[in-house]
Amino acid sequence: MKNKLVWLLAFIAMIFNISCVRKKPDTEYVFTYAENHPKDYPTTLGAFEFAELVEEKSNGRIMIDVVYDGKLGDELSVIKQLKFGGIDFARASISPLSNEVSILNVLQMPYLYRDEEHMWNVLYSEIGEEILAEFEGSGIVPLSFYTAGARNFYNNVRPIENIKDLEGLKIRVQQSDLMKDMVKMLGAEPVAQEYSQVYASLQRGVIDGAENNIPSYISAMHFQYAKYYT
């Protein structure tokens, strides 16, 4: 299902230093950036680039410590830590963020965009600005939109060529009421899980499949137990 996955890079305005990064002589501030994906994942590489640019533009005064692989907790936990100052920056997906800012659910609807160009035109328009403005008072300040590709279904039972092929499949979804309702309406059984649980659940047969993008499908090796990617 070609539902564009839009990531939102967000940070808390409050400064709270829990970093273990090695400070340089001219460093005045060290901020923590949480990422739940592995070191070589596209969004993690983007985080490293962000950290390098901040250090360069601040002449070494500001350093960003990128903590990847979900070492600071799952996305729901990270968002809570953002709000209370335990983490300074994070890349968080729309589903868990929608618990804080409900208008984000609009961006999770399937078939919302014609293509990637259409998506960016929408997000960087007045519509996107209105959505970001809804964060005011939430304790989180949004910086930009992020994408890791379109979300699609994959499973270990059969190819999904039409909606009927989803019937009866146990599909992992993010911890979002909208995502659970959508999968249920398509005829499958939604199973809300943390991203880190998906591989083991596929391996043990707790779920038949999941919905995610190509980078996640490959980097987390979900393809080993879910060969049908639609």
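The values are calculated or read from the model by the stated rules, or taken from the named source; none is laboratory data. For clarity, every value in this text was computed on a predicted model and none was experimentally measured. Cβ sites come from the backbone with ideal geometry, for glycine too, and all protein chains shown count toward neighbours.
Would region 53-63 turn up any residue that is touching a residue at least 40 places away in the same chain (Cβ under 8 Å) and not assigned by TED's automatic domain parsing to the domain that holds SER176?
Taking region 53-63 as the starting set, the residues that turn out to be touching a residue at least 40 places away in the same chain (Cβ under 8 Å) are 63.
Okay, now just the ones that are also not assigned by TED's automatic domain parsing to the domain that holds SER176, so 63.
Yes, because at least one residue in region 53-63 is touching a residue at least 40 places away in the same chain (Cβ under 8 Å) and not assigned by TED's automatic domain parsing to the domain that holds SER176.
Quick one: which residue in LEU132, LEU112 is hydrophobic (A, V, I, L, M, F, W, C) and under 27 Å from TYR217 (Cα atoms)? Write out each step before concluding.
Working: LEU132 fails: under 27 Å from TYR217 (Cα atoms).
After ruling out the rest, the residue left standing is LEU112.
If I ask for residues that are touching a helix residue (DSSP H, G or I) at 6+ places or on another chain (Cβ under 6 Å) and in a loop (DSSP other than H, G, I, E, B), which ones from region 124-157 would you list?
GLU134, GLY139, ILE140
Among (1) buried (at least 17 other Cβ atoms within 10 Å of the Cβ); (2) at pLDDT 95 or above, which single condition is TYR41 missing?
TYR41 satisfies all of (1) buried (at least 17 other Cβ atoms within 10 Å of the Cβ); (2) at pLDDT 95 or above except (2).
Could you please find all residues in region 76-96 being in contact with a Pro (Cβ under 9 Å, 6 or more places away or on another chain) and either crowded, with 21+ Cβ neighbours inside 10 Å or among the acidic types (Asp, Glu) (or both)?
Answer for region 76-96, where residues must be in contact with a Pro (Cβ under 9 Å, 6 or more places away or on another chain) and either crowded, with 21+ Cβ neighbours inside 10 Å or among the acidic types (Asp, Glu) (or both): VAL78, ILE79.
State whether the residues of region 183-200 include one that is surrounded by fewer than 14 Cβ atoms within 10 Å (Cβ to Cβ), under 23 Å from GLY73 (Cβ atoms) and at pLDDT 95 or above.
Yes, region 183-200 contains a residue that is surrounded by fewer than 14 Cβ atoms within 10 Å (Cβ to Cβ), under 23 Å from GLY73 (Cβ atoms) and at pLDDT 95 or above.
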